[in-house]
Every structure is written in C-alpha cells, then in structure tokens.
Amino acid sequence: MNPTASPDTPESALDTRLIHHAYQPPGGFVAPQPAVHKASTVIFPNVAAMRAREWKDKSGYTYGLHGTPTTFLLEERLCALEGGAQCLLVPSGLAAISTVSLALLRTGDEVLLPDNAYGPNRALTESLLAQFGVRHAVYDPMDLADLAQRIGPTTRLVWLEAPGSVTLEFPDLVGLVRLCRERGVLTALDNTWGAGLAFSPFDLLRDASGTLAVDVSAHALTKYPSGGGDVLMGSIVTREPAVHLRLKLAHMHLGLGVGANDVETILRALPSMGLRYRAHDKAARTLARWLAEQPAIVQVLHPALAGSPGHAHWQSLCGAAHAGEGAAAGIFSVVLDARYSQAQVDMFCDALRLFKLGYSWGGPISLVVPYDIASMRKRAPAHLAAGTVVRFSVGLEDVADLRADLAQALQTLDR
C-alpha cells in the first residue's frame, strides 16, 4: 500500500476501501417510512465537536445508547401522542415503571400504590425498592379520603392506574392528581390502557389551561403502539424539564437502550393505532354487553359500561372522545358465578378456541387469563361480586366468531 494514500483512494487496500468508502448518497430522499439508523459508535467530525456535544438534549448525537435519528423520531411522536414534552424509550413497560421508581425515590422515601396496581409494579416495590430502604403503602384508588390520609411527610411518589389492573375500576383520576398536587407529591400514571387516545394525561381538565397533569406517564408500547404482539418496549413521557432530567440520568446510569428494528416496528404501527384502538374497543363492548346477559356471569368489569366500578369517572374523563362515544381499551373482565369451582373456570378457559391463553393485550389475537383476585389484593374489593375473575383481551377477529367461541365454551361450565 502507498503510505501516502488516503484511506478512501483507489490506492488503499480493498479491505480499507470497503470500510472507509467516500461515497455518500444524495440528500432529499423522502418516503412514507423513516430510515432506520443503527449505531453504537457515533462518528464525530473533530475533537472539538466530540467535546462540545451534550447527550442530555437532542442537539446532537454522542453514542447509540443516548439516541439516534430513529429513536429521537419515535420519542417525539410519542410526546405528540400523550401531550408531553420529553420522552425516554426503555426495553419494556415494566422497565418504564422500574426506571421511574428508581429515579424518583431514595432511601427513607415512601411510595404509594393503588390496591389494583399492575402486579409486577407491586412486586418491584415489595422487593428491590424495599432492599434500598424505600417504604410503601397501598391505598384504595376509589376512595380519595383513603389516599389523603395515607400521604405522609416522606411520601414522594404516588402511582396511579386508570383503570386498575385486571378488575378495571376507573378512579377519580382528576381528584387523585389534584390531591397529590396540593400535597406536593409527584404522580406517575401507568397509561398503557389509555394509550394517549382515551384521555390526555397531561391535560386532565381538557382545556387550554393545561394546569392539571400527571408528572410522569409510563406506557407499555408492547401493547397498542406495537399492535402485533411481537415487540417489547416502553416509554416514559414527562412535561417538566427537572423531572425529565432526573429520569434521564437514571436511564443513562442503568444503561437502558432499545433496538432500532424494534423502534422501526413501532413507528410503522403508530399511523394505524387509532383505527386499531377503536376496533378493539367496539368489539370488546359488544362482547362485554353480550356476556352480561349470560346466566353464568354475575358481573362484567368494563369502564365504559354503566354499573361497572368507576363508570362515572370514565364518562367524565373519556366520554367526549370518538365523537361522544367515549374511548376505552379492548380489555374487560367478568366474574363467573361462585358456584363454579376454579377447575371448572379453568376448563372454560381451556375450551376457548379463538381466545388463546396468554398474557399482554393490544395485539391481533384475542387472549384470556383467569385470576385469583384474593391473592392479588390487600383487601377484598367491596364492589366485586363473589366468584372467579377472568380477563379478556379482544383482538381483531370477527366479533361474531368471538361471540360463538364464548358461547360454546360457556356450555362446558354446566356439564
């Protein structure tokens, strides 16, 4: 090799020229789907640029873990979806929850969880956070007075869910957030159910003031933003820069990152998210109403149905969406009559053909899971009928076929 040759000149060795080729494609290429940028290493033009770039904002690129054009684009679109100002991407919805708690809590602090919290959030609080000296207490999400009396001088964070996990009670979210604001306590909402479509977590009053907002929205992008049941990812959206910085520092220290191809999958699915959400919603309401008429079912838990716990709160917050029809996710639960044993309920679930046994929701395939609520709650919910709870996630199959599947499986209960 000619020692004076530039790495990208014809005189360079082929191996070198394949790596350091001078060609750059012309700019101006625009297509429906954005480009996918994969990188760990980011190349700087000079040392001064390397030293000057700041990873804490989006003014430039420093390392793949801190963002690429692809991840920045998804973050900005998720901010638009939920009404926030900053967004962080993490490998799962649970990672979003974990990052929030680890970033905002210190030894001696207390965190409050709703009694119907997502199970892994409670497990994290009772194990890892407890090891770090973070205390916790459980409050009744349907009772503002209960939360008010539990907020103490060391309470630093209150987790919210609207609706609650599995039993789907819809709380007075406006009242809960207002109370926490008055007490100077941060709020974090698991917004996977609402998904930015049922209501805006950063404009709970739905007016120009924007004065009532949660501090943090954690979202399992695994569900509706993905829509395929094939991607694990989560997001953390905020509006206040100081809160975002605390989260971003923890995000950096934990070394959290997401794959570019997974980001591409979410970006491709976002344009159809609203259509899919409404389709899931419509089918779920149809099936929930039909199941409410079946003798084996003693209660249907669906926020959009009158009589379901917290329906009035859902109506107030979500009822104006979708041309006044209201918006709700495509999941609901039922309580099977207490005369049926757990074995009979399990047999009913096994008899379903289109509804598959599996966790998660928001994908094209309908899912079913039976639950032992007594083992999941600190206290038995007074509004819950006696019996066994079964949760359904409604996919995108024909609703008549799903109803027929439920009908044939219900017949197994009385055999």
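Okay, residues lined up against (1) within 17 Å of ARG239 (Cα to Cα); (2) in the same structural domain as ALA198 (by TED's automatic domain parsing); (3) among the aromatic types (Phe, Trp, Tyr); (4) out of contact with any strand residue (DSSP E or B) (no Cβ under 9 Å at 6 or more places or on another chain):
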{"residue": "ALA52", "(1), (2), (3), (4)": "no, yes, no, yes"}
{"residue": "THR62", "(1), (2), (3), (4)": "no, yes, no, yes"}
{"residue": "LEU88", "(1), (2), (3), (4)": "yes, yes, no, no"}
{"residue": "SER92", "(1), (2), (3), (4)": "no, yes, no, no"}
{"residue": "THR99", "(1), (2), (3), (4)": "yes, yes, no, no"}
{"residue": "LEU129", "(1), (2), (3), (4)": "no, yes, no, no"}
{"residue": "VAL134", "(1), (2), (3), (4)": "no, yes, no, no"}
{"residue": "ASP140", "(1), (2), (3), (4)": "no, yes, no, no"}
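How many residues are among the acidic types (Asp, Glu) and in contact with a strand residue (DSSP E or B) (Cβ under 8 Å, 6 or more places away or on another chain) when one looks only at the range 176-225?
Here the count works out to 2.
Suppose we filter the range 369-415 for residues that are closer than 15 Å to GLN344 by Cβ, among the β-branched types (Val, Ile, Thr) and surrounded by 18 or more Cβ atoms within 10 Å (Cβ to Cβ); how many remain?
3
Can you name the condition, by its number, that VAL345 falls short on among (1) within 24 Å of PRO141 (Cβ to Cβ); (2) modelled with pLDDT of 95 or more; (3) out of contact with any helix residue (DSSP H, G or I) (no Cβ under 7 Å at 6 or more places or on another chain)?
(1)
Which one of SER366, SER341, SER333 is surrounded by 16 or more Cβ atoms within 10 Å (Cβ to Cβ) and without any contact (Cβ under 8 Å) to a residue 40 or more places away in the chain?
Working: SER341 fails: surrounded by 16 or more Cβ atoms within 10 Å (Cβ to Cβ); SER333 fails: without any contact (Cβ under 8 Å) to a residue 40 or more places away in the chain.
Result of the check over SER366, SER341, SER333: SER366.
Does at least one position in the range 256-269 carry a residue that is surrounded by fewer than 22 Cβ atoms within 10 Å (Cβ to Cβ), polar (S, T, N, Q), over 29 Å from THR388 (Cβ atoms) and not assigned by TED's automatic domain parsing to the domain that holds VAL345?
Within the range 256-269, one or more residues are surrounded by fewer than 22 Cβ atoms within 10 Å (Cβ to Cβ), polar (S, T, N, Q), over 29 Å from THR388 (Cβ atoms) and not assigned by TED's automatic domain parsing to the domain that holds VAL345.
Residues being surrounded by 23 or more Cβ atoms within 10 Å (Cβ to Cβ) and either more than 18 Å from the chain's Cα centre (by Cα) or hydroxyl-bearing (Ser, Thr, Tyr) (or both): count how many of those fall in the range 181-209.
Counting residues in the range 181-209 that are surrounded by 23 or more Cβ atoms within 10 Å (Cβ to Cβ) and either more than 18 Å from the chain's Cα centre (by Cα) or hydroxyl-bearing (Ser, Thr, Tyr) (or both) gives 1.
Pick out the one residue from GLY152, GLY196 that is in contact with an Asp or Glu (Cβ under 7 Å, 6 or more places away or on another chain), more than 24 Å from LEU396 (Cβ to Cβ) and either in a loop (DSSP other than H, G, I, E, B) or free of Cβ contacts under 8 Å to residues at least 12 places away in the same chain (or both).
The conditions single out GLY152.
Residues that are more than 25 Å from ASP190 (Cβ to Cβ) and among the β-branched types (Val, Ile, Thr): which helices (runs of 4 or more DSSP H) entirely in the range 1-116 hold 2 or more of them?
The helices (runs of 4 or more DSSP H) meeting that bar are 14-19.
Do we find that ARG353 is under 21 Å from the mean Cα position of the chain (by Cα), basic (Lys, Arg) and closer than 30 Å to LEU221 by Cβ in this structure?
Taking the combined requirement at face value, the residue does not satisfy it.
Pick out the one residue from THR62, THR70 that is surrounded by 14 or more Cβ atoms within 10 Å (Cβ to Cβ), hydroxyl-bearing (Ser, Thr, Tyr) and closer than 20 Å to LEU267 by Cα.
That would be THR70, the only listed residue that is surrounded by 14 or more Cβ atoms within 10 Å (Cβ to Cβ), hydroxyl-bearing (Ser, Thr, Tyr) and closer than 20 Å to LEU267 by Cα.
Give the residues of the range 341-395 that are closer than 24 Å to PRO114 by Cα, small (Gly, Ala, Ser) and not in a helix (DSSP H, G or I), sorted by residue number.
SER360, GLY362, ALA380, ALA382, ALA385, ALA386, GLY387, SER393, listed by residue number.
Residues of the range 286-299 being farther than 17 Å from ASP405 by Cβ and surrounded by 20 or more Cβ atoms within 10 Å (Cβ to Cβ), which ones?
GLN299
Any residue at all in the range 311-322 that's in a strand (DSSP E or B) and within 21 Å of the chain's Cα centre (by Cα)?
No: the range 311-322 contains no residue that is in a strand (DSSP E or B) and within 21 Å of the chain's Cα centre (by Cα).
The values are calculated or read from the model by the stated rules, or taken from the named source; none is laboratory data. Not measured: the values here are computed from a predicted model. So basically every Cβ, Gly included, is an ideal-geometry build from the backbone, and we count neighbours across all protein chains shown.
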